[in-house]
Amino acid sequence: MCADGPGTADWYRNFGMFDAPESSPCYAEWSVGIANDPELIRRIEQWPHNKRQPLLMLAAARFLGARISPYPAFSEFLYDHWAEISRIVLARATQTNEAGRCATLLPSLAAIADVTGKPLALLEVGASAGLGLFPDRYAYEYQGAAGITRLLPGPEEPPPPMLRCTIEGPVPVPAALPEVVWRAGIDLNPLDIANPDDVAWLEALIWPEQEFRRERLRQAIAIAQQQPPLLVAGDLNEQLVHLAASAPADATLVVFHSAVMAYLTSAERERFRQAINALAVSRGCQWLSNEGHTVIQQADGSSVVPEMNPERLRGRFLLLHNGQPVAIAGPHGQSLQWL
Ligand SMILES: C[S@@+](CC[C@H](N)C(=O)[O-])C[C@H]1O[C@@H](n2cnc3c(N)ncnc32)[C@H](O)[C@@H]1O
């Protein structure tokens, strides 16, 4: 252990033993291999603390061409390419953009459009490349006890990704896709889907064996490339109010985010919540939050869902509408359990 938390080797070992195996046997083996190599751990510890996370360094290796292989071949790759890996790790961040999360947001988005009787103006904070801004342009397949419901956008060229989501409980699966008339995002570092390096980085962030997610990413990028969204570079707290002011007044403004709040301090999250409250009062803004444990645990140590067994939430996201829990979601949009 070191002063600022568990040691780097523990971090890689835990990632390899507990986080990775279900999604990526290859990352599981590689991470444990790294944890057992003191020289690699020493090199990783030359990087700033926020750059040492396993996913970032593994994605950097993949970006540079590391293929699925047994650990000894990967270890050789790491030693051969260390200078380049360092360069990528220091220049990049984990900015996975998962279009699949639209499947867990869609029922709430459609309900908002129904209730307000207006089309939607979407503003995503922490938007990465902005692929979450096209929920009306993707295809969906919701599978529950009552069977399968499919939702398709109008005839599209190129074909939309099919977002498959298993549902439980009274999920309000809509009969049609909501109309979106404006889309904009904020990110500290927006990724550019017209830039081949950024696209290659988005692909490298997907775990090696998850080819279906890479295919989904490519299809979502092709959709977004037809009508690239407005992406503003900057801190979400600095940009939100200004950008929200350019949303059309005759549409319902929905501010949403997925997998972003973990990057903010609790003071920054509080500032964001206050801005959302002010937008709710001034222009009827609706707020959807799709996040992991950082939003479940409040600054005072209490939980926004105190009645819920933490085991039920482990490894999953909580979907909140205007601060009220509505569903537990698979982290990549693969499941939705209505509360
Ligand atoms: C894990 S990615 C998730 C991207 C996207 N929301 C999704 O679900 O696919 C988190 C994104 O939040 C952005 N981010 C983190 N802190 C931010 C801040 N303070 N202001 C704006 N963007 C931020 C990061 O740059 C990154 O692109």
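Structure data summary
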item	result
Inter-residue pairs, beta-carbon under 8 Å, first in the same structural domain as TRP82 (by TED's automatic domain parsing) and under 13 Å from ALA91 (Cβ atoms) and in the range 42-70, second among the basic types (Lys, Arg) and surrounded by 18 or more Cβ atoms within 10 Å (Cβ to Cβ), 6+ apart	LEU56/ARG92; ALA59/ARG92; ALA60/ARG92; PHE63/ARG92
Candidates ARG13, ARG67 - the one that is more than 17 Å from LEU205 (Cα to Cα) and over 21 Å from the mean Cα position of the chain (by Cα)	ARG13
Count - residues of the range 225-242 that are within 12 Å of the ligand (Cβ to nearest atom), in a helix (DSSP H, G or I) and out of contact with any Lys or Arg (no Cβ under 7 Å at 6 or more places or on another chain)	4
Sole residue being under 26 Å from LEU58 (Cβ atoms), at pLDDT 95 or above, among the β-branched types (Val, Ile, Thr) and out of contact with any Leu (no Cβ under 7 Å at 6 or more places or on another chain), chosen from ILE206, ILE193, ILE223	ILE193
The range 98-123, residues that are of a type in the set (S, T, N, Q) and within 16 Å of the ligand (Cβ to nearest atom)	THR104, SER108
Flag if ALA220 is of a type in the set (A, V, I, L, M) and under 19 Å from GLN334 (Cβ atoms)	yes
Single match in VAL180, VAL171 (criterion: touching a residue at least 60 places away in the same chain (Cβ under 8 Å), surrounded by 13 or more Cβ atoms within 10 Å (Cβ to Cβ), more than 16 Å from the ligand (Cβ to nearest atom) and under 26 Å from ASN237 (Cα atoms))	VAL180
Long-range neighbours under 6 Å by Cβ, at least six apart or interchain, first residue within 22 Å of VAL180 (Cα to Cα) within the range 239-265, second more than 14 Å from the ligand (Cβ to nearest atom) and among the small types (Gly, Ala, Ser)	ALA247/ALA121; PRO248/ALA121; ALA251/ALA121; LEU253/ALA121; LEU253/ALA247
Wholly enclosed helices (runs of 4 or more DSSP H) of the range 28-120 bearing at least 1 residues of a type in the set (Lys, Arg) and out of contact with any His (no Cβ under 8 Å at 6 or more places or on another chain)	38-44, 54-63, 82-91
One residue from ALA66, ALA35, ALA103 being touching a Cys at 6+ places or on another chain (Cβ under 9 Å) and buried (at least 18 other Cβ atoms within 10 Å of the Cβ)	ALA103
Of all residues in the range 14-27 being buried (at least 20 other Cβ atoms within 10 Å of the Cβ) and assigned to a loop (DSSP other than H, G, I, E, B), the one that is modelled with the lowest pLDDT	ALA20
Verdict on ILE34 being closer than 22 Å to TYR263 by Cβ and either modelled with pLDDT of 95 or more or of a type in the set (A, V, I, L, M) (or both)	no
Breaking point among (1) within 14 Å of the ligand (Cβ to nearest atom); (2) in a helix (DSSP H, G or I); (3) under 19 Å from PHE134 (Cα atoms), for LEU288	(2)
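The values are calculated or read from the model by the stated rules, or taken from the named source; none is laboratory data. Computed from a predicted structure; not experimentally measured. With ideal geometry, Cβ positions are generated from the backbone for all residues, glycine too; neighbour counts draw on all protein chains shown.
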